[in-house]
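Worksheet: one structure, shown below.
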2 protein chains.
Amino acid sequence: MVSTDDHNSDAKELEVMLSRIQHIIVDYVQKGQEQLVPVVNYHTPEELYKLFDFTLPNKGVGLEGIFKTISSTLEYSVNSWNPRFLDKLYAGTNPIGVISELLLAVLNSNAHVFHVSPVLSLMEIEVTKAVGQLLNMGEKAGGILCPGGSASNLLAMITARNKLFPSIKTEGYFPRPFHPQSKYGKLKVFTSIHSHYSIDKAVQVLGLGLDNIVKVPVDHEGRMQVDVLEKLIELSIQKDETPFFINATAGTTVLGAFDPIKDIAMIAKKYHCWLHVDGSWGGSVAFSDKVMKTTSWLEGSEHADTFTLNPHKLLGVPLQCSMLLTPHEGHLLFAKSNSSQADYLFHGNEYDIGAGTIGCGRRPDATKMFMAWKYYGKDGLGGRIDKALSLASQFTSMVRERKGFKLVQDPSPFLQVCFWFVPPSIEKHVESLKGKEYSLCLSRITRHLHQQIQEKGEFLVDHSPLEGIPDFFRVVINAPTLSLHRDLERLLDVIEEVNASVDWSELL
Amino acid sequence: MVSTDDHNSDAKELEVMLSRIQHIIVDYVQKGQEQLVPVVNYHTPEELYKLFDFTLPNKGVGLEGIFKTISSTLEYSVNSWNPRFLDKLYAGTNPIGVISELLLAVLNSNAHVFHVSPVLSLMEIEVTKAVGQLLNMGEKAGGILCPGGSASNLLAMITARNKLFPSIKTEGYFPRPFHPQSKYGKLKVFTSIHSHYSIDKAVQVLGLGLDNIVKVPVDHEGRMQVDVLEKLIELSIQKDETPFFINATAGTTVLGAFDPIKDIAMIAKKYHCWLHVDGSWGGSVAFSDKVMKTTSWLEGSEHADTFTLNPHKLLGVPLQCSMLLTPHEGHLLFAKSNSSQADYLFHGNEYDIGAGTIGCGRRPDATKMFMAWKYYGKDGLGGRIDKALSLASQFTSMVRERKGFKLVQDPSPFLQVCFWFVPPSIEKHVESLKGKEYSLCLSRITRHLHQQIQEKGEFLVDHSPLEGIPDFFRVVINAPTLSLHRDLERLLDVIEEVNASVDWSELL
């Protein structure tokens, strides 16, 4: 029987397991990367329940049993090493990513207090400072790692509220008009209609109510309209509300637009609002000198009070790795705004990073970013971004020129290439439709083709709706292993192949 | 130059790295477990900055460079494989824990939507259901993984609020008396004075205000006084407030007390409050048949609306692994209460677990618990708990009988053995002090000895304050490799040795 009593021989047991899993893993990576296996062996939940042994036994299954579980897990999971995994804003990771996670697993450390994670705590302080400085946040730049971009955005909003209205932390949220003596009216959050839904979630978590998010319209490229933002703020003030938090997005989720941070910063300053930038997706372009020199995407970031940046997206660091950066004394800003009395844990050390979070124990996720930076260097990480941008541009051209395909935006503003496919056989019918009918028809085509492609498993791409336009394919260019012809051109072929087998007359 | 362009040979690169790190890791585990190295080579932040290369370069350091970083990281970190790491409620992990993290790293998966994490999503559904059923939550048991116990407690409170007062989610939190037409008064949270500070953090996050937590006193064993709880609720209702959330703790952070869940459940039912159990620490005893049969610790858990349980504490699963369990349809409860419109991501699949969180992307932490259960079986995990309990009891006796040591509680209620050391040389002086002076003196002794022990590095233990009594040592019995005589008796020796070198006349 396998028992926890055997722990005194952990080193031996670990050696046996590591030796055995190494071949399995290397083989898995190779097959994924060389596309000898599909991105996924697609199965419905019902099918998977039959194929995979999910039982949880009283007696342990031992070494042989657990390696069966490991093999099955790999077999039925998405192989994100396959560059044809184009579905999400994250891609597969890389060798140093795996090694970093292994290092963290062995340490099993906790980055809440310095004395149990001395090196890893300082890594967090140093790497957030360095990334903040890429955003020109200066000497007092720094930050804190959160378990995902949504968590970073949430912590930003909590920090803003506690900093601007400290009485809410102690007394509670009691705004005018209900509480006439209150120093604030209903707190209002401003964000673009294309921003991530985590802003909505943060607003509801804080008890502000979803009705109190003001969704600012975007221009034709998906960027927040700053003049409208100002008008909406003015309107809100006239109603005796209190605008307090503006979220600018650097790289929107669906289209990849960059809100004009610099202009928004001026509005934030004028109206005494906290400026947060959700750069979960696009913030990582700070690593590319080329982008920083030739685009205005991150211009004005130094004026942000807080800035979310997820290395687990564009930099290939394993999930989860999200930073909340600030020019205001780094992690100490968060400690001052959010700490609770917890004398049993925090004994007054400014290197105890956990004090600034809304949690207690925390994974030392910063280590993975630290390791990636050390290994690839800033240049290596920047090069990854430049390569992806170049590929996105080439793929956009390819889609533009191919019959039957229609770009949602031309050029693609960032790394998402979004398009519709209108089957040539029914093109006339589709184009003859008007308004809602046209939209419904094209959405149905996208969804049907998408479903077929997903079940095939050769590619994983996403489809997405957006206010006012039909559902479209969203292809995310991220993995450095992605090839224009081998992969992206092939995707267009696959869409056509799948289309050829559909009898649209039955479906539309 | 190492560049991300080399990714097409990831399999080869990973193989080289894995082969190389394997020896380093196995050696590290062995030295820690056999105590050939101290728990930590203690250094201040200032010293560490000199010893460790924290620079983040433009050009990557390559394979040799990164292995230097890895070696230094291990050298200056806490070696939690050493059973003398007794400082926190988590201990070192175990081989299958490391392998599980490695598996997750290779998959780099995201448990927000089923189609990118099919196996891992079902693992989460199955393992939360199974753990919920150990708590007698029945057929509709289930849950969701959160990034830590605090996050689970927070999600519980958000869910309770959204479920009981859905208007807050949309309109915002506007209670009586300020908003006379409101259906609720100031929302009040009830929790014991010994409960974890994450309850406080959740209250401030939600905008309820720290003033609106009612801290219920505890009995001599640290358990919530249920009769006082009821009186406080009555009092609150008389003031036209709205008690809505009662937190019972199963295993308090400092002393390890179990609040009487069953009795508290009756109060919760009577006053229509949400019953949450914070079993982050103690909930895992559900794996021990012996505990479940012979104690009343978890009695009444089936009445909890939500229940936090952290396998990363008592079950040796790597950090982070925290579950929020519920008898109310598992993860679907959370989806119904907390989901936002995010059509780009969620396409209406009930296996898309992320819908219930306040985040988006999420680590598939459930996999680690699933793997641990498979490998050790419920019996193996339960055996670990039984062993720790037996050891805690023996160590308590040892402390009781040893001159100079005084137990804070006798017997120790759970796995924390808490005690003071009164140096025999100054015992008369200390005992002659009264009230605050006595308390200050004993606290100073504890802190001074603790600091010396920490710098020595042979052990890591924590010291803790608690309302009204002097600071004491808190020794957490958790690691299955811990030995009564080799380790715990030695700790008492070390305290005496350190004491022998202190000139108390100078310090007190």
(request) Treating only the Cβ atoms of Lys and Arg (+1) and Asp and Glu (-1) as charged, compute the dipole magnitude of the protein assembly as shown about its Cα centre; round to the nearest 20 debye. (result) 1540 debye
(request) Using the Cα centre as the reference, give the magnitude of the dipole from point charges on the C-beta atoms of chain B (Lys, Arg: +1; Asp, Glu: -1; all else neutral), rounded to the nearest 20 debye. (result) 960 debye
(message) What does the charge count around B:GLU431 come to, taking other residues whose C-beta lies under 13 Å from its C-beta (Lys +1, Arg +1, Asp -1, Glu -1)?
(response) +1
(request) Using only the Cα atoms of the stretch A:110-363, each taken as one equal point scatterer with no solvent, compute I(q) by the Debye sum, divide by I(0), and report log10 of the ratio at q = 0.11 Å⁻¹. (result) -0.56
(request) Report the one residue of B:VAL317, B:SER236, A:GLY207 whose Cα lies farthest in the direction of the positive end of the charge dipole of the protein assembly as shown (charges on C-beta: Lys and Arg +1, Asp and Glu -1; origin at the Cα centre). (result) B:SER236
(message) Let me check against my output: what whole-number percent is the relative contact order of the stretch B:378-501, with C-alpha pairs under 8 Å and at least 6 apart?
(response) 27 percent
(request) Write out the trypsin sites (Lys or Arg not before Pro) in the stretch A:376-467 meeting two conditions: DSSP loop, and at most 14 other Cβ atoms within 10 Å of their Cβ. (result) A:LYS403, A:LYS434
(request) Jot down the per residue volume, in cubic angstrom and as a whole number, of the convex hull over the alpha-carbon atoms of chain A. (result) 184 Å³
(request) Over the alpha-carbon set of the stretch A:435-508, work out the extent along each principal axis and list the three values in angstrom, largest first. (result) 40, 29, 18
(message) Given a Förster distance of 45 Å, report the FRET efficiency between B:GLU431 and B:LYS293 from their Cβ-Cβ distance, rounded to the nearest 0.05.
(response) 0.60
(request) Would you kindly derive the ³J(HN,Hα) couplings of the stretch A:177-183 from the backbone phi angles with the Karplus curve 6.51 cos²θ - 1.76 cosθ + 1.60 (θ = phi - 60°), listing them in order in whole Hz, with x for Gly and Pro? (result) x, 4, 10, x, 7, 5, 7
(message) Straight-line reach from A:LYS50: which lysines fall under 22 Å, measuring Cα to Cα and dropping same-chain residues less than 8 apart?
(response) A:LYS59, A:LYS68, A:LYS456, B:LYS129, B:LYS140, B:LYS368, B:LYS374
(request) Please list A:GLU496, A:GLU241 in order of solvent-accessible area, largest first, computed with a 1.4 Å probe with all protein chains present. (result) A:GLU496, A:GLU241
(request) For the stretch A:150-196, count the residues as N, evaluate 2.2 N^0.38 Å, and divide the Cα radius of gyration by that value, please. (result) 1.31
(message) Please give me the summed charge of the neighbours of A:LEU298: other residues whose Cβ is under 14 Å from its Cβ, Lys and Arg +1, Asp and Glu -1.
(response) -2
(request) Excluding residues on the same chain fewer than 8 positions from B:LYS436, give the aspartates and glutamates whose Cα lies under 14 Å from its Cα. (result) B:GLU467, B:ASP471
(request) Pick out, from A:TRP504, A:MET266, A:GLY279, the residue whose Cα sits farthest towards the positive end of the charge dipole of chain A, with +1 on the Cβ of Lys and Arg and -1 on the Cβ of Asp and Glu. (result) A:MET266
(message) Rounded to the nearest angstrom and ordered from largest down, what semi-axes does the equivalent ellipsoid of the protein assembly as shown get from its C-alpha gyration tensor (root of 5λ)?
(response) 45, 33, 28
(message) What's the magnitude of the charge dipole for the stretch B:218-320 around its Cα centre, counting Lys and Arg as +1 and Asp and Glu as -1 at the beta-carbon? Answer in Debye, nearest 20.
(response) 260 debye
(message) Under 5 Å between amide hydrogens, which residues at least 5 positions from A:PHE472 or on another chain qualify, with H placed 1.01 Å from N in the peptide plane?
(response) A:SER464
(request) May I ask which of A:LYS215/B:LYS201; B:LYS188/B:LYS269; A:LYS215/A:LYS313 have a Cα-Cα span longer than 20 Å here? (result) A:LYS215/B:LYS201; A:LYS215/A:LYS313
(request) Determine the share of the protein assembly as shown's accessible area contributed by carbon and sulfur atoms, expressed in whole percent, with a 1.4 angstrom probe. (result) 52 percent
(message) Tell me which of A:ALA355, B:VAL29, A:SER117 sits at the most positive position along the dipole axis of the protein assembly as shown, charges placed on C-beta atoms (Lys, Arg +1; Asp, Glu -1).
(response) A:ALA355
(message) To check my understanding: the extent here is largest minus smallest coordinate of the Cα atoms along each principal axis. What are those three numbers for the stretch B:48-204, in Å, largest first?
(response) 68, 41, 38
(request) Starting from the residue with the highest accessible area, list B:GLU101, A:GLU221 in decreasing order, probe 1.4 Å. (result) A:GLU221, B:GLU101
(message) Which positions within the stretch B:137-156 get 20 Å² or more of their accessible surface covered by the other protein chains, compared to the chain by itself, with a 1.4 angstrom probe?
(response) B:PRO147, B:SER150, B:LEU154
(message) Restricted to Cα positions, what overall size does the stretch A:378-501 have along the principal axes? Three whole-Å values, descending.
(response) 50, 29, 23
(message) Taking amide H atoms as placed 1.01 Å from N in the peptide plane, list the residues 5 or more away in sequence, or in a different chain, whose amide H sits under 5 Å from that of B:PHE245.
(response) B:LYS188, B:PHE190, B:TRP274
(request) On a C-alpha basis, how far is the centre of the stretch B:143-222 from the centre of the stretch B:485-508 in Å? Whole number, if you could? (result) 43 Å
(request) Restrict the search to the stretch A:129-215; then list the trypsin sites (Lys or Arg not before Pro) that DSSP places in a loop and that have at most 16 other Cβ atoms within 10 Å of their Cβ. (result) A:LYS140, A:LYS183
(request) Compute the relative contact order of chain B as a whole-number percentage, counting only Cα pairs closer than 8 Å that sit 6 or more residues apart in sequence. (result) 18 percent
(message) Net charge within 15 Å of A:GLU496 by Cβ-Cβ distance, Lys/Arg positive one each and Asp/Glu negative one each, not counting A:GLU496 itself?
(response) -1
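The values are calculated or read from the model by the stated rules, or taken from the named source; none is laboratory data. Here the structure is a predicted model, which means the values were calculated and not measured. Reconstructed Cβ throughout: ideal geometry from the backbone, glycine too, with neighbour counts over all protein chains shown. In case anyone asks, the SASA skips ligands and DNA or RNA and just uses the protein heavy atoms, side chains included. Shrake-Rupley method; radii C 1.70, N 1.55, O 1.52, S 1.80 Å.
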